[in-house]
Amino acid sequence: MNVSRSKKAFTQARRVLPGGVDSPVRSFKDVGGTPRFIARGKGAYIYDVDGNRYLDFCQSWGALILGHAAPGVIRAAAAAMNAGTSFGAPTESETALAELISEAMPSIQQLRFVNSGTEAVMSAIRLARAYTRRNKIIKFDGGYHGHADHLLVAAGSGLANWATPSSAGVPESFAQETISVPYNDIAAVEKAFAKYPQEIAAIIVEPIAANMGVVLPQPGFLLALRALTLCHQSLLIFDEVITGFRLGYGGAQNYFKIRPDLTCLGKIIGGGFPAGAYGGSKKIMSLLAPLGPVYQAGTLSGNPVAMAAGAATLRALKMAGVYKKLNAKSDWFVAALQDKLTPLGIQVNAIGSMFTLFFSPSPVENYAQAKRCPARKFAQFYHKALEQGVYLSPSPFEANFASLEHSEKELAKAVSILESAAAEAGSAGLIS
Ligand code: KE4
C-alpha cells in the first residue's frame, strides 16, 4: 500500500506539532508505522492523502454514528455557519439541543454545554465536590475521563489507596484526592468508602468501559455503585461521552435502567463538531454560576454550529427503527467475528455497535487482564487489516464502532479481512 504522502505529511507535521498530532493516540504510537493522514470521509469510509480507501471503525472515536459527512448534519451545520459561527451570546440552538438531550435522558433535568468530554467531566466533578462539600473521587483502573489533572492518575499502591499521577506535571497532591480501583470490583469500592467515610464526593464510571478496550459491567456492578453512593450520600457520575446515544437513544443509563446523579456527554451530541455537556437534577445544576457558587465558563460553549450539527444528529437517531437497524447488523457482525476469531485466541468484547478485539485466550473483564494482551500481536494484526482496507482504532485499548452507514455487505467483508489478518498473524507465530 503506498503511503508516501502520509509519510511526508507526518514528517512535516512533526516539525510544528509535538509528535505530529493533536492527540497522542492518532500518532499510531500503540501500533507503530505511519499514521494515515486523512483527506476526506464519506459514510463508512475514510480516504487518506495517498488515495487509499478504508472502511472506518474508528469513526472519530465514536462521534460519527451516522457516518462521515452525513448529509442532514452537513446541511444543518452549513445553514448555521451562514448565519454566523459564534456570538458569545445565548442562542435558541442551545436550548433546542438541551431539550432533545433532556427528553432522551430524564435524569438530566438541566445541562451545561462545553467543548469536549474533558471539560464536561472536569466540571461535573467540580460540581459534585461543591454539592457534597467533599473532595475525594473514586474512579476505575483503565477508565479514561479526559485529561483533567485529577483524572490522569493510576491506581495507588494497595487497594483503595489514593492514586498516583499517571502523567508528568500532575502534582501528587492533586492525585491524592482520587482513588482508583479495579473495574467490576465492588469489594474494592466498599473498602474505599470504609477507608474514607464521609470523604467521597462521587464515583465516576464509564457505564460500559471503553478506554481499556470494551469491557462490560458484570451483572449488578452498576446497581451496586448506585446503592453505595446513595448509602454514603455521594454522587454517581455516568461518563457517557462514548455510550451516550451509542447503545440507544437514552444511552447506557436507559439501557441499564440506572439513574445517575450527573451525566457527562460528548462525541455524538456534537455530530462531529466540538461539543460536550454535563447535566443532572435542577437542584445540583443550580449550584452553577450565574445561579450559584460553582464557576465554569467557555467562549465557544454551546456554539450554534455544533448545536445545529448535534441536533440534526439526535433528530436522525430519534427516528423509529434506527437503533434496531444499527444494533441488529452489529449483533450479526459481532457474532460472525466471534465465530471466526475466538478459535484464533481472540476475545471479541462488544455491546451494540461498539467492540474491541483482545488477543487473549480467556475473557477480559478489567484493565489488568486487558494489559496482559500482547501489544505486538495486536500491532501486527492491526497493520495486516489496515493493508487490506480496514481501519480499526489504532490501539488495543480503544473501542471500535460500526455506524449506520456500514452495510451488511461491508461488515461481512470486514469479517473475512479481520479473520485473514488474525490468521496471518497467527501463522507468523504471533498468536499463542
Ligand atoms: P474529549 O476531551 O476527548 O472530548 O473526551 C474525553 C473523554 C471522556 N470520557 C470518555 C469515556 C472518553 O472516551 C473520552 C475521550 N475518548 C478518547 C478515545 N477513547 C478520545 C480520543 C483521543 O483522546 O484522541
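Rule-based calculations on the coordinates, nothing more; no lab input. Note that the structure is predicted; figures quoted are calculated from it, not measured. All Cβ positions, glycine included, derive from the backbone under ideal geometry; neighbour counts span all protein chains shown.
Each 10 Å bin from zero up to the one holding the largest Cα-Cα distance in segment 71-318 carries the following percent of pairs: 8, 33, 35, 18, 5, 0.
Using C-alpha pairs below 8 Å separated by at least 6 residues, the relative contact order for segment 212-344 is 19 percent.
Exceedance of the 18 Å cut-off in Cα-Cα distance is limited, within the set K384/K413; K191/K257; K340/K413; K325/K409; K29/K340, to K191/K257; K29/K340.
Applied to segment 270-280, the Karplus parametrisation 6.51 cos²θ - 1.76 cosθ + 1.60 on θ = phi - 60° returns per-residue 3J(HN,Hα) values of x, x, x, 10, x, 7, x, 7, 9, x, x Hz, with x for Gly and Pro. Dividing the mean sequence gap of close Cα pairs (under 8 Å, 6+ apart) by how many residues segment 71-318 holds gives a relative contact order of 30 percent.
For the chain, what's the relative contact order in percent, using C-alpha pairs closer than 8 Å and at least 6 residues apart?
Computed over the chain, the figure is 22 percent.
By the count of other C-beta atoms within 10 Å, a proxy for reagent exposure, S6, S281 are ordered fewest to most as S281, S6. For K267, the lysines whose Cα comes closer than 20 Å to its Cα, not counting residues fewer than 8 places off in the same chain, are K42, K318. Take the alpha-carbon centre of segment 38-84, take the same for segment 172-216, and report the distance between them in whole Å. When both Cα centres are located, 35 Å separates them.
Annotation: the residues K282, K136, sorted from fewest to most other C-beta atoms within 10 Å of their own C-beta, follow the order K282, K136. The magnitude of the dipole of the chain, with charges of +1 and -1 set on the Cβ of Lys/Arg and Asp/Glu and taken from the Cα centre, is near 360 debye. The Stokes-Einstein estimate for the chain, based on a Kirkwood radius over Cα pairs and taken at 25 °C with 0.890 mPa s viscosity, is a diffusion coefficient of 110 µm²/s.
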